[in-house]
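I have placed the structure first, in the form of structure tokens, so that the comments after it can refer back to it.
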């Protein structure tokens, strides 16, 4: 039809239509009302794992992240997130989930972010991430719905990691400009870690224990991995570096860079960490971690010292079957000559970039010939030559140290410093408490150096303590104690204590107090080993340079920065430090940029642009640098006054140097100890007390860092007053030796005034004239008895006491005095200490050591040689003079200044003689003990009596030898005599026998009449030869019985009277005798009657018929 035509109606009949049947749509027109769908928040649940694992689900949601391109090594899936309208109101349930194409039966095209799609699959947890896999149905439902989905905004730190679980699978936006904290896997797995700021190892910045654990928890809630969503290792192209193109050695990602704010990604979980799969290219700000080709600027001093862990620099190539170190351990470092060349390039670039004069190195091959150090300094010198700089690098040779394959080392510029003495090494062979265990760590290397410009002496000690790796043999206190310090903390702390105790002994023998400690302590800044050093006064220079804030680093481990490497200064050296810094060329860098020709943990060849001939990633530790300003060392001068020109206070002098009063009221024998004086010419003046004019003037040229002894000598009469200037050799004697210097400074005569120094046995040590001082000689430590004699050995002029010299002592000894104003003596001057006169031997002489008790205090006579010396005398330790007899230990000690001597003797006070006399030496038996009377002169002395040697008093009759002995302490005497005990006086008469009843007249009566005298004991008085026994016949008559006249009498013998010749001439019957002792009171006796008859009776009785 055309315009204007009339319209019409057409009718079509019998029409046939053919084609295919259209399937019903899988998508829901309104996903919010479709009850067949499973909401993503229901799949995720509110915990760390899905509550419906294994369930078949259908999900319709919006694509928020797509990583499907497995040909490009992507993770093979995409992320869906519910429309905001379909989200629940529970903040703990995620609205996103990963859709894995693994085991999918449905065809899944490449999805686009913003598409709404519907899938059917099965819920699973894979490595801690909730996902839907085995996709059996898929359909795109709509386009461009991203505006209806909102990103979850997550700020760090989170309060709990469940907050990250609550957004797993969701589109996430990071509003903060996050700092890169680790790039360890930036090349290998295309990931890096971020946090609000650089994360520090907790024990770097807070105390171990609860504080460290709390900070570790905060760190764990502060970090997130940014993941490019790639599977496998070293997938190319590599993720973008600083300039947005793929990273390489000139376009790195460094720790400390900042990621742009509002960075978008999708939250995932894998390999035990939450990770944000990036939805946009990373853009970095490097202002907080610039890649500087030179170290940070330090104030310029006159000496730069550095510490550098060179990460296993080995001259021996690491190949199978080759051992390194004294124990043939596995070699480390380069695996080929070409790798070694690359390593050497990077290490030398770093070392030269430090612009240091002295460097402590860690992780150098422990080779016996120091070939690795030789290789290194040769390479440094070659580069210096090329740059027209002084090629003066060398090393401290050590050979093998310890037991490991690596050791500590020191290199230095010979134009700046010079070693002083050999290195001192703290290893297991050193006797120290606690013992140093070098079977688990490297020995400490200490070397003293002289700074050539200033003349100052300082030491550098290099550490490399046991690592935190527990290994298989950590036990007890060396196990991880859960305080943030890792394993072997106890060993590291003990090793520091060993060092401190060892270092107190001055193992370098220099006496300097300028010390630097450097190296890899394997301990972070506030851990126990570092605290022990700080408690001992050492100052951590990196922390000090950071305003005493311990947030410094030289190493990054598991995304946390900290310093295992430290430089510490002693208090004296700390004052001379101008500044310190680390040079961030290694810890912040990706490990793939190091020297090896293969990629880390891989056999893949490293891309060419991953290696540059520069200092970056020359090691895994950053070097540290310290700038020192050492003032010109002074000359050390000790002054001594040994000029005997006057006595007492008149000997005092004032000493001026270059017009300045150095010391006043210096008496004879005084010394100053070492004084630090400006090097150069020194006018030395000695003014006697009260004098305006110097008695001695001399000029000495004092050298920097040299030690001098300056002595005023002479007496102005025998020898001129003058100064003796000696250069002191303070080098340490060999083990077991001491150093002795002898001199003759005694002006006892004019002219040469020669003298000889001998040992007490006469051995000649030195023959010297006045003013001569010999060089130091080394002698075995021990006791020396020196004497100073006239030439030839006689006479002895000075006899000082024996002196004990200890190993390591450095002593000068001088003959002094003139015997007039000052005594002849000997003066000892130990280096750096006040001098002193040696006491001279003097003799103590005793007289009158035997005296007799007088009753008054007695005193022994004590004399001295030389005569007249003051002496203190004691008797048995007391000052009081003894009185009583006895033996007393007398000790006499010379107390005269300048002399020593003593003596002991037994002072005996003998008892005085006393006499004894006996009285009453004969006594009669009493039945009790008897004793004679003893009289003493003096009267009243105590004595002891013995009788025949016994002290018991005798009782029995008899003769006894009596001895009397004085028992007084203060008197002695004795006497002997015979003491006799007689029988007691007669007590009775006893008729032993009498004539019997029949006797013949004119014949002796028979038997004889026998009478005994009985004494008081009832026994015969055997000692009685005096009693007379008288017989009288009793006669009877008209007047009664009466006694007739004395008939017979006998004197007893031994107490017995025998009447054997009694004859009665008259016959009779009934005769009786009266027996009596007329002069005694003894009771008379009367015999029994007896008869006297004629002869016939006799015949009748005895004649036989």
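For the reader, a short list of remarks on this structure follows.
- Any hit, region 864-877, residues being in contact with a strand residue (DSSP E or B) (Cβ under 6 Å, 6 or more places away or on another chain), part of a strand (DSSP E or B) and modelled with pLDDT under 90: yes
- Within region 668-702, tally of residues that are surrounded by 13 or more Cβ atoms within 10 Å (Cβ to Cβ) and within 41 Å of the chain's Cα centre (by Cα): 11
- When each of 320, 325 is tested for being over 30 Å from residue 94 (Cα atoms), in the same structural domain as residue 620 (by TED's automatic domain parsing) and more than 40 Å from the chain's Cα centre (by Cα), the lone residue that passes is 320.
- Exclusive hit being surrounded by fewer than 20 Cβ atoms within 10 Å (Cβ to Cβ) and at pLDDT below 95, set 497, 504, 453: 453
- The number of residues in region 218-259 that are in contact (Cβ under 8 Å) with a residue 60 or more places away in the chain, under 50 Å from the mean Cα position of the chain (by Cα) and outside any loop (DSSP other than H, G, I, E, B) comes to 4.
- Whichever residue in region 940-971 is in contact (Cβ under 8 Å) with a residue 40 or more places away in the chain and either under 29 Å from residue 886 (Cα atoms) or under 60 Å from the mean Cα position of the chain (by Cα) (or both) and, among such residues, is surrounded by the fewest Cβ atoms within 10 Å (Cβ to Cβ): 969
- Answer residue from region 878-903, given it is surrounded by 17 or more Cβ atoms within 10 Å (Cβ to Cβ) and part of a loop (DSSP other than H, G, I, E, B) and is farthest from the chain's Cα centre (by Cα) among those: 885
- Residue satisfying condition, being in contact (Cβ under 8 Å) with a residue 12 or more places away in the chain, in a strand (DSSP E or B), out of contact with any helix residue (DSSP H, G or I) (no Cβ under 6 Å at 6 or more places or on another chain) and more than 30 Å from residue 582 (Cα to Cα), within set 665, 643: 665
- Residue among 609, 601, 620 that alone is surrounded by fewer than 23 Cβ atoms within 10 Å (Cβ to Cβ) and part of a helix (DSSP H, G or I): 609
- Being more than 15 Å from residue 641 (Cα to Cα), surrounded by 15 or more Cβ atoms within 10 Å (Cβ to Cβ) and in contact with a strand residue (DSSP E or B) (Cβ under 8 Å, 6 or more places away or on another chain) is a description that does not apply to residue 731.
- Test: residue in region 904-920 that is exposed (fewer than 15 other Cβ atoms within 10 Å of the Cβ) and either at positive phi or not in a strand (DSSP E or B) (or both): yes
- Test result for residue 103, part of a loop (DSSP other than H, G, I, E, B), touching a strand residue (DSSP E or B) at 6+ places or on another chain (Cβ under 6 Å), farther than 17 Å from residue 267 by Cβ and at pLDDT 95 or above: yes
- In region 114-142, residue nearest to the chain's Cα centre (by Cα) [restricted to those that are outside any strand (DSSP E or B) and closer than 13 Å to residue 83 by Cα]: 114
- Of the residues making up region 143-172, not one is in contact with a helix residue (DSSP H, G or I) (Cβ under 8 Å, 6 or more places away or on another chain) and assigned to a strand (DSSP E or B).
- Among the residues of region 924-939, those identified as within 19 Å of residue 1021 (Cα to Cα) and either in the same structural domain as residue 886 (by TED's automatic domain parsing) or surrounded by 15 or more Cβ atoms within 10 Å (Cβ to Cβ) (or both) are 924, 925, 930.
- Looking across 322, 359, one residue alone is modelled with pLDDT under 95 and touching a strand residue (DSSP E or B) at 6+ places or on another chain (Cβ under 9 Å). It is 322.
The values are calculated or read from the model by the stated rules, or taken from the named source; none is laboratory data. Bear in mind the structure is a predicted one, so any value in this text is a computation, not a measurement. Ideal geometry is used to build each Cβ from the backbone, glycine not excepted, and the neighbour counts take in all protein chains shown.
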